[in-house]
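Notes follow the structure.
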Amino acid sequence: MNVRARGTRRVVAAVAAMAAGVAVTVAAVPAAAASASGTSASGTPRFLAPDELPPHPTSPWYAGPVTAGQPDPLPACGGDPLPSIAGHRNYWTEYDTNALQVTVVERSEQRAKDFAALLRKDLADCAEKLMREYPDVTATEKYYGKLNVEEGAYVYGVHTTTTWGASDIGLYSVGRDGATVTLVRWAQMGNFQHAQVDDFKNTTVTAVNKLY
């Protein structure tokens, strides 16, 4: 029984990292909104502003500060390759939707190209990885193509269901401008029908254009 309980908690944590089951208290909103400038301490690379995310029908977006290091928890898709030199920013609405942007500045364009390819591979394999590691999860994946922005951006969708009834949809993108790579994730409860793909593509283009 104890082993099963630990396994179940791992599945819950993995799904929560990808999906939108994040509770946001009203008290947290003003503090986060006050720090939503969208820039790092040095001013570059810039991060998305809350109003540049896919619009929510009933809530504004809020953002935490730009923070050095890996996000905690790591995103379930694209999280494993993220280095400690990353910077990230979390976003959320008053309901069941959240987002994340992670940006990495590499030492050269070739290293950035290789890192972006590593992220794309991790995203392309994410559904199979989730089902392999978490037997209680069923995952399906879609590739939404390449966006013509700077050195290119690539968009993926992953839908997960669990044996206890959770259903969550996540959209992910990887884009590069020179030696800088950014990973963007948007997630909420639902399935592919609830995925704001066109809006997310616009967000991705904005994110890559803001890297410098």
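The values are calculated or read from the model by the stated rules, or taken from the named source; none is laboratory data. Every value quoted in this text rests on a predicted model; they were computed, and no experiment measured them. Every residue, glycine among them, receives a Cβ derived from its backbone with ideal geometry; neighbour counts consider all protein chains shown. Heads up: the accessible areas ignore ligands, DNA and RNA and are worked out on the full protein's heavy atoms, side chains in. Shrake-Rupley method; radii C 1.70, N 1.55, O 1.52, S 1.80 Å.
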Going residue by residue through region 66-87, is there one that turns out to be among the polar types (S, T, N, Q), within 22 Å of Thr160 (Cα to Cα) and touching a residue at least 24 places away in the same chain (Cβ under 8 Å)?
no
Just to be sure, is Gly78 part of a strand (DSSP E or B) and at positive phi?
no
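Among the residues of region 127-150, which ones are of a type in the set (Gly, Ala, Ser) and in contact with a Ser or Thr (Cβ under 8 Å, 6 or more places away or on another chain)? Outline the logic, then answer.
Keep residues of region 127-150 that are of a type in the set (Gly, Ala, Ser), which gives 127, 139, 145.
Passing the criteria: Ala127, Ala139.
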Hey, any hits in region 85-99 for a residue that's in contact with an Asp or Glu (Cβ under 9 Å, 6 or more places away or on another chain), farther than 16 Å from Ala207 by Cα, open to solvent by less than 10 Å² (accessible area, probe 1.4 Å) and among the hydrophobic types (A, V, I, L, M, F, W, C)?
no
Output the qualifying pairs, or none if there are none: Cβ atoms under 6 angstrom, residues six or more apart or on different chains, first residue in region 185-205 and more than 16 Å from Asp51 (Cα to Cα), second residue open to solvent by less than 50 Å² (accessible area, probe 1.4 Å) and among the β-branched types (Val, Ile, Thr).
Gln188/Thr97; Gly190/Ile169; Asn191/Ile169; His194/Ile169; Ala195/Ile169
